[in-house]
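The values are calculated or read from the model by the stated rules, or taken from the named source; none is laboratory data. All of these numbers come straight from a predicted model, not from anything done at the bench. Heads up, the Cβs are rebuilt from the backbone with ideal geometry, glycines too, and the neighbour counts pull from every protein chain shown. Protein only, heavy atoms only, side chains kept; ligands, DNA and RNA dropped before computing areas. Shrake-Rupley method; radii C 1.70, N 1.55, O 1.52, S 1.80 Å.
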Amino acid sequence: MEQPGIATTTKEKPKWLRKLERESWQPELIISGAAIFGSLQLPDLITQMEHYFLLHYDRDTLFICYIASIYWRILANGLILTFIFHFIVRALWIGLAGLNSVYPGGFRVNQRFSAHYQDKLREEYGNVDGLIARLDRLGSGIFGVAFAVSGVFLNFGLIGLVFIVLHSWLMGQGLPADRVLLIIGVCLAPLLLLSLLSMLSHVERWRDTDIVRRFQWPITKIISRATYPLGRRFIVTATNLVTSYYADRKSFIWYYLVGMVGLTVMALSSVLFNDNTRLFVDRVYHRIAADSLMLATDYAAEASFEGIYYRPVLDREQGLSTEGMMVWIPLPEREMAYLLGDCSLPEVEESLPREERRHLTRQRTVNCGRQYMSIELNGQPQLNFSLERQYRSNAAGDQYGMRAFLPDPPLEAGKNLLRVTTGYPHEETGEPRVASLPFYYF
């Protein structure tokens, strides 16, 4: 990390700066309140970002999106908790400062309590001014560190988004997944190597050698410019200012370990308590659709459903009848890549007029869909179904899929079971994806 410049001593500070430091709590409270409000909006924004990823990116890119999603949720949860904690500390500080102004003499000796108890009370809690000062320092420290750490996370998150877009674009060019990862690895390798050299340059055995003195600082500046494209000077100054005070303390490693445990807990909570995050995992995407005993309660009131469709949806507006029924089958990009990639039909000629080529391309997609999926109702294969392209729109976005019409479906009074099998292979077993939809017909 970059080292901050020579610290300005108290005597060198102008009066206005010293006054601003003493009264920094006023803008802190205003900014902290705004930060709490703003950070509370982040989970919804991250959910929208996850929806976009799940609908528009292929399976290999979704793995990177999965890591990025967990990362962004850790950032959001951390900011919310930090700024709320800061607000509480400042509220305690203001309350105690107010009491101290009303009762400036501290604890007053009285006859109701024993003298021994009052002596111990003053010994333990009598330094009210000191407690106010500690709360003041804690509040200002939390405020500055919160913005510095959020700046670090924000920059890393933006860099991650760049690699997500790059990965998706390279996959769209037809490159194999291992080749794409190799390209990204080549892009990251110089920075990782320089980071390793920077860490080794601080080892006591080598840090005072001539070659380290010559190259350590230029390497560090290259790393900081690459990793902090936004707010670099503030982030480097703030983080080094804090670590320079605590780096030699034995408690530093404990603070670090506590921070890592906290990040791990938030990461696990992001996976366990968020449906979107779990959908990134391929085996989960297979498993949640295959449960033939789970009714689609999320889709019961579709007008209010705001999530991602991962199982077929009955078109109840058209009704259910033994003469025919319609079902909409979601086909996000992770499946469309296989639908089109494994299709045996020839590609549409590029030399055709634009409108004709577009029409034939859409028709080919529908025909490829018939190869890609098979439908079974109550154990009986449906061979004569027809397909049409259709989007379903809700708060999660425009979700692409195909509507299948099943003529003369073998409906039974009571519970029925629809199964749609697609050519989307399980990443471990290679088995096709089976989506079950139990429903009732009367």
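Rounded to the nearest 20 debye, the dipole magnitude of segment 71-144 is 140 debye, with +1 charges on Lys and Arg beta carbons, -1 on Asp and Glu beta carbons, and the Cα centre as origin.
Counting only DSSP H runs of at least 4 residues, each contributing -39500 (n - 2.57), and dividing by the residue count of the chain, the helix-based mean residue ellipticity at 222 nm comes to -20000 deg cm²/dmol. Probe radius 1.4 Å, ligands and nucleic acids ignored: give me the carbon and sulfur share of the accessible area of segment 282-441 as a rounded percent. Answer for segment 282-441: carbon and sulfur cover 47 percent of the accessible area.
Excluding ligands, DNA and RNA, the accessible surface per residue across segment 176-241 is 72 Å² with a 1.4 Å probe.
Once whole DSSP H runs in the chain are found, which of them have Cα atoms spread over 20 Å or more along the helix axis and a mean Kyte-Doolittle score of at least 0.0?
Flagged H segments are 25-56, 59-102, 128-172, 177-200, 232-246, 252-272.
Per residue, segment 33-72 exposes an accessible area of 46 Å² to a 1.4 Å probe, with every protein chain left in place.
Return one whole number: the accessible area per residue of segment 282-441 in Å², for a 1.4 Å probe.
Values: 8430 Å² over 160 residues.
Accessible area per residue: 53 Å².
Computed about the Cα centre, the dipole magnitude for the chain is approximately 2280 debye when only Lys and Arg (+1) and Asp and Glu (-1) carry charge, each at its Cβ. Residues whose amide H comes within less than 5 Å of that of ASN394, counting only those at least five positions distant or on another chain, are GLN399 (H built at 1.01 Å from N in the peptide plane). For segment 32-175, what does the alpha-carbon gyration tensor say about shape, rounded, prolate or oblate, given a ≥ b ≥ c as the root eigenvalues, a/c under 1.5 as rounded, and a/b over b/c as prolate? Verdict is prolate for segment 32-175.
Identify, among LEU418, LEU230, GLN371, the residue whose Cα sits farthest towards the positive end of the charge dipole of the chain, taking +1 on the Cβ of Lys and Arg and -1 on the Cβ of Asp and Glu, with the dipole about the Cα centre. Going by the Cα projections, it comes out as LEU230. Using a 4.7 Å Cβ-Cβ cutoff, the cysteines of the chain lacking any partner cysteine are CYS65, CYS187. The orientation-averaged projected area of the convex hull spanned by the Cα atoms of the chain comes to 35.3 nm². For the chain, averaging the sequence separation of C-alpha pairs within contact (under 8 Å, six or more residues apart) and dividing by the residue count gives a relative contact order of 18 percent.
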